[in-house]
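The structure under discussion appears below in the form of structure tokens.
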């Protein structure tokens, strides 16, 4: 990949601006300044990128994958209506590179949110036919007994959709905490399933999306991940 195209793909600006940065000797790759905008760059071999003396984030190319610990009070939208966007938790450069959320989390839901510029990966993770499991920790308004787990796994009727849906797994951590795994992605599905079982969701946290968990990410923190490493 030509150096100037690499810098553009990194979100550093227009072709004109990137050429100016190169001509002025302001960009260093792996510790060495490159002043030829047509120099060939192997994106996989770039380990460090500096503008003047400032270390820049190296965005994996051509596709990148982000795991975000979503905080409450953020909308999963580039054009939020009532609350800040989850994309405001990310560096501006990533938001210029076609990043999209893999599915959605409600404004008041916290936990694992995946984001990427890879449309094929996004489709694969959200398509019903692939049945990717999502695990939630559900805080219930009313105390529940074990029979609610059997009911959720046996299937509950979602009136809005006029069909029955089943949980992949359900267990009570305590009388007010339900661990629920689903592989569908219907609108407000967890809240509607719990309501159909005669209870109410007070708080909702996604602990896992497929094989990916939050590990030690604090609320609002994010990291790149390699989807192939979990295959």
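Every number in this text was worked out from the coordinates using simple rules, so none of it is lab data. Predicted model, so just to flag it, every value in this text is computed and none were measured. For neighbour counting, all protein chains shown are included, and Cβ atoms are generated from backbone atoms with ideal geometry for every residue, glycine included.
The table below lists the values:
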| item | result |
| --- | --- |
| Output for the range 15-49, where each listed residue is under 27 Å from the mean Cα position of the chain (by Cα), under 21 Å from residue 91 (Cα atoms) and not in a helix (DSSP H, G or I) | 46, 47, 48, 49 |
| Residues being in contact (Cβ under 8 Å) with a residue 40 or more places away in the chain and in contact with a strand residue (DSSP E or B) (Cβ under 8 Å, 6 or more places away or on another chain) - total across the range 1-30 | 3 |
| Only listed residue being touching a residue at least 40 places away in the same chain (Cβ under 8 Å), surrounded by 13 or more Cβ atoms within 10 Å (Cβ to Cβ) and out of contact with any strand residue (DSSP E or B) (no Cβ under 6 Å at 6 or more places or on another chain), chosen from 151, 207, 221 | 151 |
| Identity of the residue in the range 88-140, in contact with a helix residue (DSSP H, G or I) (Cβ under 6 Å, 6 or more places away or on another chain) and part of a loop (DSSP other than H, G, I, E, B), that ends up nearest to residue 58 (Cα to Cα) | 102 |
| Residue match in the range 144-158 (condition: under 17 Å from residue 204 (Cβ atoms), part of a loop (DSSP other than H, G, I, E, B) and within 29 Å of the chain's Cα centre (by Cα)) | no |
| Whichever residue in the range 50-66 is outside any loop (DSSP other than H, G, I, E, B) and more than 24 Å from the chain's Cα centre (by Cα) and, among such residues, is nearest to residue 101 (Cα to Cα) | 55 |
